[in-house]
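The values are calculated or read from the model by the stated rules, or taken from the named source; none is laboratory data. Values in this document were obtained by computation on a predicted structure and should not be read as measured data. Because the Cβ atoms are built from the backbone with ideal geometry, glycine has one as well, and the counts that use them run over all protein chains shown. The accessibility values were calculated without ligands, DNA or RNA, using every heavy atom of the protein model including side chains. Shrake-Rupley method; radii C 1.70, N 1.55, O 1.52, S 1.80 Å.
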Amino acid sequence: MKVAIVSSCFGSYGGIEAFVLALAKSLQKEGRCSPSVIWKQAGAFELSDELIRRSQESGVPFQFVQPRSRALWKAIQNSDFVHAQNSPPDVVFFSKLQGKPLALTIHNRRMSEHRWKSTIWHRMQQWADRRWYNSEFVRQTWEGKSLKAGSRVIPTVSELPEGEIPISSRKGFCFASRWIPNKGIEVLLEAYQRGSFDPSRWPLQMIGEGPLFLSLRRKYETTLGVIFHGFVSESEKADLIRNSRWMVIPPHTQEDLGLTAIEARNVGVPCVATRDGGLPEAAGTSAILCEPGNVDALLQALHEATGISESDYEKRSQESKSSLKHFLMPLSNYFQLYQEMVKA
């Protein structure tokens, strides 16, 4: 089966790009599937070395195409099955004109501030044979309370960190994100500063870079216990997460899902998270949840995390990881879904 995995792309490497390449590699291992990745240039496209490197390392054929182009038409024409990310009208239209089975993975919530665009994309979704939403939160923004025929919630993942360390060796909190507004970074730093936590037992590891990094580092660099790492490699990030007792994820931005919560859970690290969008789904039942954008609420949650007994923490740690198998679908299952659609 020739599968075209199509994704709109601004040229950088992010969560959707990681999912696309991880899925393509998994399909290639299947043996009965021949995947190709179609990066459809979008907006102010600026190709990064990271995306090129990651695409080449995947070992899966890939190409860059223009929207509504002959190259896009031919890529779809040469496939037996199309799996697109979100619901780009040109991909949906080309697929249906050529009679190709079409599945959409919807990563992002419906944006009310872009009504005309979301209306078009919503109509395009109805043309697809299957719609797979990243979270129940995302699904409800598009479909409302009732699950429509052909729709399903399938959280997207890429390659997750592996391996746990003993609970007795873990210390403090960890945060990892791009440093942009509404990720709750200022809320977290203010809450931690107010909390006067023991820096030897409860350090705060701050990972990531972005527009807010320099100003917030200057403001909080004298706060005992806060460690600013900036950009780190994937292996370094995984190490910092697994050596922490809690992953803190405090956005107030209507998160579609929350990959860092899933990464932490896969190494047995429970989460302190806000009730923001799809994040409670990603953080799981073992998480400590609080209201988004509220310093006092986050501070109370951090204090709750530090006061939990060793036995309770161990239970939460085990539950964090074990419950993932009921939450996530292995990438290898996608080929079965494709087969079922082709045979239908």
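The combined condition, being open to solvent by 30 Å² or more (accessible area, probe 1.4 Å) and without any contact (Cβ under 8 Å) to a residue 40 or more places away in the chain, is fulfilled by residue 147.
For region 28-37, residues that are open to solvent by less than 30 Å² (accessible area, probe 1.4 Å) and either free of Cβ contacts under 8 Å to residues at least 24 places away in the same chain or farther than 16 Å from residue 78 by Cβ (or both) total 0. Across region 277-292, the number of residues qualifying as within 15 Å of the chain's Cα centre (by Cα), farther than 20 Å from residue 309 by Cα and surrounded by fewer than 24 Cβ atoms within 10 Å (Cβ to Cβ) comes to 3.
With respect to (1) part of a helix (DSSP H, G or I); (2) within 22 Å of residue 132 (Cα to Cα), the lone exception for residue 52 is condition (2).
Quick check, is residue 277 in contact with a Ser or Thr (Cβ under 7 Å, 6 or more places away or on another chain), in contact (Cβ under 8 Å) with a residue 60 or more places away in the chain and either over 30 Å from residue 32 (Cβ atoms) or outside any helix (DSSP H, G or I) (or both)? No; evaluated as a whole, the condition is false for this residue.
Scanning region 311-338 for residues that are of a type in the set (S, T, N, Q), open to solvent by 20 Å² or more (accessible area, probe 1.4 Å), under 18 Å from residue 280 (Cα atoms) and touching a residue at least 12 places away in the same chain (Cβ under 8 Å) turns up 318, 323.
Test of understanding: among 214, 189, which residue is open to solvent by 10 Å² or more (accessible area, probe 1.4 Å) and more than 25 Å from residue 163 (Cβ to Cβ)?
Selected residue: 214, the only one of 214, 189 that is open to solvent by 10 Å² or more (accessible area, probe 1.4 Å) and more than 25 Å from residue 163 (Cβ to Cβ).
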